[in-house]
1. Go through the stretch 533-548 residue by residue and tally those that are of a type in the set (A, V, I, L, M), out of contact with any Asp or Glu (no Cβ under 9 Å at 6 or more places or on another chain) and surrounded by 15 or more Cβ atoms within 10 Å (Cβ to Cβ).
2. Hey, does the stretch 333-353 have a residue that's touching a helix residue (DSSP H, G or I) at 6+ places or on another chain (Cβ under 9 Å), at pLDDT below 90 and at positive phi?
3. Return the residue satisfying two criteria in turn: it lies in the stretch 574-591 and is among the basic types (Lys, Arg) and within 17 Å of residue 521 (Cβ to Cβ), and of such residues it is least open to solvent (accessible area, probe 1.4 Å).
4. If the requirement is being open to solvent by 30 Å² or more (accessible area, probe 1.4 Å) and out of contact with any helix residue (DSSP H, G or I) (no Cβ under 7 Å at 6 or more places or on another chain), which of these qualifies: 553, 562?
5. Conditions: (1) over 23 Å from residue 217 (Cα atoms); (2) modelled with pLDDT of 95 or more; (3) of a type in the set (A, V, I, L, M, F, W, C). Residue 251 meets all but one. Number of the miss?
6. Restricting to the stretch 197-222, what's the tally of residues that are more than 30 Å from residue 341 (Cα to Cα) and either assigned to a helix (DSSP H, G or I) or over 18 Å from the mean Cα position of the chain (by Cα) (or both)?
7. I'd like the residue in the stretch 467-497 that is over 32 Å from the mean Cα position of the chain (by Cα) and outside any helix (DSSP H, G or I) and, out of all such residues, is surrounded by the most Cβ atoms within 10 Å (Cβ to Cβ).
8. So which pairs qualify, if the first residue must be in the stretch 113-131 and under 16 Å from residue 180 (Cα atoms), the second must be in a helix (DSSP H, G or I) and open to solvent by 80 Å² or more (accessible area, probe 1.4 Å), the Cβ gap must be under 9 Å, and the two must be at least 6 apart or on different chains?
Amino acid sequence: METYRFKSAVVLWRLKERGFSESSIRGYRRIFSSIENYLNEKEVIYSPDLGEEMLALNEDAFFKEPGLPLRAASIRKLNDVYLHGDLTTVLLTPHRKYRNVILIEQFENAVIDFMDSVKESFTLSQQENVNRRLRLFFKYMQTCGVSCFGDISYEKISAYHEGLGHLKPISRVIEESSVHQVLHYLSDKGEISPGMYLHMYLLETGHSMALEMFTPVERQRVEELRLESLCFSSEMFLQKGMGLIQKYHLAGYVDRVCESVKRIILYLYLFLDLNRLGYLPEIADIWLYSDVTKGVITGSSWKLARRVVNVFRDLALEGEVQFSRVYRKGVSGIDELPDWCRIPLMDFALLRSKEKLEESTVKNDIYSILRFLRFILQTGCHSFEELTGKIITEFNLKDVHGSPEGKNACNSRIRRFLKYLEREELTSAKNLFMSLSTTAASIETIVKTFSDEEIIEIKRYVDSAQTPLEIRDSAMILLGCDMGIRGCDIVKISLSDIDWHRQCIRFRQDKTDADIYTAMPTAVGNAIYRYLRDVRSRNTACDRVFISISAPYKALTRCVCYGALHRILPGRNVSGSGFHVTRKTFSTNRLKNGVKPSQIADVLGHVDMSTLTPYLSLDDERMSLCPLSLSELSVTMEGGFR
């Protein structure tokens, strides 16, 4: 009991030293007194585990003083003294100004300089609160043995974060936001690593780049690569990454993009530095495609991160970058597979390559099998010997595709792989491939076109277009709606393909490889001319009509056409209807206007008219002219004919 009395007295003495009010100290004293009475009554010795148990139960029999926050603070501080001999966690806010907290000269100057830099951004009361938070943080660092900025570590920042666990979530965020701001300030001055403030920020927002947050498969693969990665240290990565950002600036990218690139580089640096790793392209891919990273870098920012990782790979391996280079979305996630999955998959892919198959065919095999392998890993399989027909059937039910044809193709590839496993005796089970169906019913869908209201909205958008993006979107949408050109062909039209004198466009279709020579309506010609005159940069060697709005000025992909459609009709949400709806609308409207199907087929570049059959069902006026006779079909209406 003497030990308990001494430890609780240390807490009370520290509270008084830190300037807590007498009323607060009396509350702590009453709680410690009631706990002592309980220990005497039960004849037990206090321990941190017992304290946590009492706190979890939160019964009045343990504490005289009401209120869970004060009870929690009392137990946490008492446990600190038991575990460390003194208070090492961040204390509750004392009711006094913190200018008298004694800091070493370097920390004191940092607080003064930072407060001077932000004084215009805060009111006097806010300045006082920020000052208090920073002094408590640096005082905590001193308590942990930190005597200079260089001694601040990820571990000590994590411990500080854990020490604020007794606060309400919103209070914790407020405390930590001030700390991450001063760490950011010190990072900009070169006093500490940028990883420190990013680590604090992620903890503040409920995230972390610590390796233990990643999946077991990802951790295992990273550990296998750890030793090799150390040849390219995290510091070297940061130095080269900053050089890459400078290259983005010199290439003409706007500040907003350069800032986004910097943030991505710093997040990857944090992952490497925090986990004592070096840079390897394989490790960068594991980081990029992890759910941990996707939880921090989301949406279009993640797509930019994917490109930055690829660009940095070029810089690291080749010493230079080409910002106009297109990075195809390759097969990702193979390196994260355990060896018992990865090696058979790669051997199977090599075997398929030796059959002189197209590269795209082999990649499709890998895509499909990778989906399957990820699923069986989620079920807990540790070898192909554990694979059963039930697991395969469950995969087949849960593996969703956009069309029956896609489902059939995917299943056929996986069946081929299952046969390979059996042939190579990687599984003793026989005929597992028969558990996977390769036949799904085909479906015929209704052709989707623009409604009358949507056509009016498109016309309104085109007429009011003012910004460079709006002007480019207008030209693209009109090429689709008024000429029926596919998105993949629109982005490939070159300046020489347009015959302004004859008002025609000549191009080769990407899908059919057919040459198309078609008239260009006046509205389309005007939209393209306006785009070329007012928007398209002349500082480029690219001969495509449509190029990127900002540097580097390069050719576009067809997804830009879908983006234009989404911007013009932001409220449109029709499943299975992308930019191709413009081509379908063009065909349907021509049929309704009495244009011969053969002529429409020629304009669209179709070999015959059979592909126009689905559009005929939308021509209500002409369909009503050819009804079938019920009597000829021997269909009798109830009550007979009248």
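The values are calculated or read from the model by the stated rules, or taken from the named source; none is laboratory data. Remember, it's a predicted structure, so these values are computed and weren't measured experimentally. Quick reminder, even Gly has a Cβ in these numbers, built from the backbone with ideal geometry, and neighbours come from all protein chains shown. Ligands, DNA and RNA are excluded from the accessible area calculation, which covers all protein heavy atoms including side chains. Shrake-Rupley method; radii C 1.70, N 1.55, O 1.52, S 1.80 Å.
1. 2
2. yes
3. Within the stretch 574-591, the match that is least open to solvent (accessible area, probe 1.4 Å) is 583.
4. Result of the check over 553, 562: 553.
5. (2)
6. 8
7. Checked the stretch 467-497; the qualifying residue surrounded by the most Cβ atoms within 10 Å (Cβ to Cβ) is 485.
8. Within 9 Å, no pair qualifies.
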